[in-house]
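Notes for the one structure printed next.
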């Protein structure tokens with residue numbers, strides 16, 4: 001499967017964060033660059049040097065953001081006594097348990113917490129970025145949805161009236177990317193579609209409530225939601241989302257069949 005952990009290759013980049021091993025596959029970088037190419041090109045125009053700088057800024061933000069997301073999962077694993085490793089690859093990232101399974105993870109609620117830790121880590125990063133920008137007296141670049149949020153939108157608008165724009169175009173772009181990736185992508189990841197975190201949260205929540213058909217319900221719900229998003233992405237020419245959620249549709253269908261539901 002495309003969403004499974006890829007095999008190791010000589011092009012992989014390895015490092016550690018504390019005791020947590022991190023592997024970045026060779027395909028992570030071009031995949032991240034391809035996803036941000038359109039925006040970087042539209043901003044840079046015919047200036048190739050500026051295009052490369054903007055593209056590098058996007059890839060750096062994606063790398064840091066996905067790493068923070070998976071680090072949230074890894075730290076939640078560690079809090080449960082489970083060791084893990086992080087893999088960043090063409091479709092995002094994985095926090096993979098290693099060693100003997102921790103007894104604490106036999107609890108659905110504990111597994112739910114592990115699933116929620118990734119998006120929560122990203123939202124915390126976005127909050128820290130917003131706070132830093134506001135404390136420095138600058139306007140917060142709006143990715144298009146911040147001002148729509150209750151309370152937050154009004155506060156940001158009031159602060160913006162008394163603040164100055166970030167002087168550097170590259171600086172504004174970095175903050176914009178950080179907020180977009182760590183809010184919009186975190187929310188997307190919370191959609192109730194397995195194996196996204198939202199799908200795992202729904203599954204573990206149903207199990208915690210003692211629902212006997214938890215796997216079938218979570219898979220069916222994920223199949224419907226993934227199908228709707230894939231169709232929407234096709235209609236709006238969002239190729240990456242269309243492919244991603246198309247793969248998720250297939251995965252949810254396979255889970256539904258393997259859990260005992262037949263056509």
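Observations on the structure shown:
- A full extension of the chain between residue 231 and residue 164 corresponds to an added length of 20.1 nm, given 0.36 nm per residue minus the alpha carbon distance.
- Coarse-grained scattering of region 192-263 at q = 0.13 Å⁻¹, given as base-10 log I(q)/I(0) from a Debye sum over alpha-carbon atoms: -0.36
- 0 to 90° range, to nearest 10: angle between helix 239-258 axis and the chain longest Cα axis: 10 degrees
- Per-pair calculated FRET efficiency, R0 = 22 Å: residue 13 and residue 98 via Cβ, rounded to 0.05: 0.70
- Helical runs assigned H by DSSP (4 residues or longer) give the chain a calculated mean residue ellipticity at 222 nm of -20000 deg cm²/dmol, each run adding -39500 (n - 2.57) before division by the residue total.
- Measuring nothing but alpha carbons in the chain and taking Rh as the Kirkwood radius, the Rg to Rh ratio lands at 0.99.
- In degrees, nearest ten, helix 152-161 long axis to first principal axis of the chain (Cα): 10 degrees
- Region 187-263 and region 74-146: distance between their alpha carbon centers, rounded to Å: 20 Å
- Percent RCO, i.e. relative contact order, over region 192-263, from Cα pairs under 8 Å lying at least 6 residues apart: 35 percent
- Relative contact order computed over the chain (Cα-Cα under 8 Å; 6+ residues apart), in percent: 15 percent
- GNM on the chain, alpha-carbon springs under 10 angstrom: the most fluctuating residue among 249, 62, 133 is 133.
- Between 0 and 90°, nearest 10: helix 197-208 axis offset from the chain longest Cα axis: 40 degrees
No value in this document is a laboratory result; all are computed from the given coordinates. Quick caveat: nothing in here was measured; it's all calculated off a predicted structure. Reconstructed Cβ throughout: ideal geometry from the backbone, glycine too, with neighbour counts over all protein chains shown.
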